[in-house]
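Asks: Okay, handing you the structure first.
Only the coordinates and a few stated rules stand behind these numbers; no lab work does. Predicted, not measured: the structure shown is a model, and the values here were computed from it. Because the Cβ atoms are built from the backbone with ideal geometry, glycine has one as well, and the counts that use them run over all protein chains shown.
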Amino acid sequence: MTTQDDIATMRDARDIDGLIEALQDPDELVRVEAALSLGTTADPKAKEPLQRMREEDPSPSAREAAATAYKWVVGRIQEIEAARGSLESKLPKTW
């Protein structure tokens, strides 16, 4: 069983796979913390597990945390893609 301290360690180490695995933990608070920790990343791997959790988790608070985290992940990915596009448009074209 994963503890909340384990979640903090995984978040600090950017252990995306560990956090995704923790979304299945029996402890509701661990699942909530794992979801919110994933929300602070811009890792595309987090999208699908968070989507599934927000639809299927038995806990309303865990589903809400997953929905919030999903929005954060998607938003950060969009920001990164927009910044990348803006930067690429300013680079000189070389042939």
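Asks: Name the residue, out of LEU29, LEU50, LEU19, whose mean-square fluctuation peaks in a Gaussian network model built on the chain with Cα pairs under 10 Å.
Replies: In the Gaussian network model the winner is LEU29.
Asks: Sticking with this one: Can you put MET10, MET1, MET53 in order of Cβ neighbours within 10 angstrom, beginning with the fewest?
Replies: Exposure proxy ranking, most exposed first: MET1, MET10, MET53.
Asks: Bin all alpha-carbon pair distances of the chain at 5 Å intervals from 0 and give each bin's fraction as a whole percent.
Replies: Using 5 Å bins, I get a P(r) of 2, 16, 24, 20, 13, 7, 6, 5, 4, 2, 1, 0 for the chain.
Asks: With the dipole of the chain worked out from charges on the C-beta (+1 for Lys and Arg, -1 for Asp and Glu) around the Cα centre, which of LEU29, THR68, PRO58 lies farthest toward the positive end?
Replies: The residue sitting most towards the positive pole is THR68.
Asks: Right, next: Per residue of the chain, what 222 nm ellipticity follows from adding -39500 (n - 2.57) for every DSSP H run with n ≥ 4, rounded to the nearest 500?
Replies: Roughly -24000 deg cm²/dmol at 222 nm, from the helical runs in the chain.
Asks: In degrees, nearest 10, range 0 to 90: what is the angle between the Cα axis of helix 28-39 and the longest Cα principal axis of the chain?
Replies: Result, in degrees: 0.
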